[in-house]
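Novice: Quick one: the structure is below, questions incoming.
The values are calculated or read from the model by the stated rules, or taken from the named source; none is laboratory data. Quick caveat, the model's predicted, so the values are computed rather than measured. So basically every Cβ, Gly included, is an ideal-geometry build from the backbone, and we count neighbours across all protein chains shown. When the accessible area is computed, the model is the full protein with side chains, heavy atoms only, and any ligands, DNA or RNA have been set aside. Shrake-Rupley method; radii C 1.70, N 1.55, O 1.52, S 1.80 Å.
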Amino acid sequence: MLEAIASGLPVVIPNQAPFTEFLLPDQAVWVDPLSVDALADAMLAVLKPNAIPNPPDQICASFSWQTSAKMHLDHYSKLLSHA
């Protein structure tokens with residue numbers, strides 16, 4: 001999904017975790033994963049120009065290798081502190 005965003009492609013994402021935990025509402029076309037109609041509507045919506053207002057470079061900048069590694073280390077540290 002991040003590769004598609006980095007390529008400037010709009011993405012259709014289920015409105016559920018884990019996606020809701022790191023993407024903002026304007027960074028994807030969100031759908032109820034159990035609704036065929038919502039999925040069909042979203043697939044048609046991404047065909048329109050400017051389907052996603054947030055530029056891909058802003059999204060991808062949040063997910064550099066360094067940022068991702070730090071997020072993982074922070075998460076692992078929290079898990080270890082609760083063990």
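Novice: At a 1.4 Å probe radius, carbon and sulfur cover how many percent of the accessible area of the chain?
Specialist: Working: 3890 of 6210 Å².
The nonpolar share, carbon plus sulfur, comes to 63 percent.
Novice: Let me ask you something else. For the chain, what is the charge dipole size about the Cα centre, in debye to the nearest 20, if Lys and Arg each add +1 at the Cβ and Asp and Glu each add -1 at the Cβ? Working shown, then result.
Specialist: Working: 3 positive and 8 negative charges, 48 e Å.
With only Lys, Arg, Asp and Glu charged at Cβ, the dipole is about 240 debye.
Novice: Need the full-extension length gain, Ala45 to His72, defined as separation in residues times 0.36 nm minus the C-alpha distance. One decimal, nm. Walk me through the numbers before you get to the answer.
Specialist: Numbers: separation 27, 0.36 × 27 = 9.72 nm, distance 3.37 nm.
The span from Ala45 to His72 would gain 6.4 nm if fully extended.
Novice: In deg cm²/dmol, rounded to 500, what helix-only [θ] at 222 nm does the chain give when every DSSP H run of at least 4 residues adds -39500 (n - 2.57) and the total is split over its residues? Provide the component values of the computation, followed by the final result.
Specialist: Details: 4 runs with 39 residues, N = 83.
The helix-only estimate for the chain comes to -13500 deg cm²/dmol at 222 nm.
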